[in-house]
Amino acid sequence: MTDIHATAEAPLKPYDAYLSERKIAARLNISFARWESNRASFERAGLPRRDPLAGDKRWWPSVKAFFDRRNGLGPGRTPRAFDGPEHFK
């Protein structure tokens with residue numbers, strides 16, 4: 001009989017699904033001060049709320065989806081079309 005827990009698969013690596021405000025700022029490559037100064041306007045625009053059951057952290061996939069939509073990515077979004085070549089005279 002084989003052990004149901006023994007597998008040939010690699011062990012799962014930890015994934016930070018819930019991130020603190022500082023880690024979100026770091027992932028977005030902005031300073032924490034800049035994040036804090038803009039956070040309220042992002043929240044008014046639909047940034048996912050912090051989850052009290054997850055230590056007041058935000059669910060990263062939802063945060064990423066918010067910024068993807070904000071930048072024109074995601075389902076139902078089409079990239080802006082170019083209006084044609086430039087003619088400088």
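The values are calculated or read from the model by the stated rules, or taken from the named source; none is laboratory data. What you see is a predicted model, and the numbers here were worked out from it, not measured in a lab. Heads up, the Cβs are rebuilt from the backbone with ideal geometry, glycines too, and the neighbour counts pull from every protein chain shown.
A few remarks follow.
- Among residues of region 38-89 being of a type in the set (Phe, Trp, Tyr) and surrounded by fewer than 13 Cβ atoms within 10 Å (Cβ to Cβ), the one that is modelled with the lowest pLDDT is 82.
- Some residue of region 5-15 being surrounded by 11 or more Cβ atoms within 10 Å (Cβ to Cβ) and at pLDDT below 95: no
- Scanning region 45-68 for residues that are small (Gly, Ala, Ser), free of Cβ contacts under 8 Å to residues at least 24 places away in the same chain and not in a helix (DSSP H, G or I) returns a single hit, 46.
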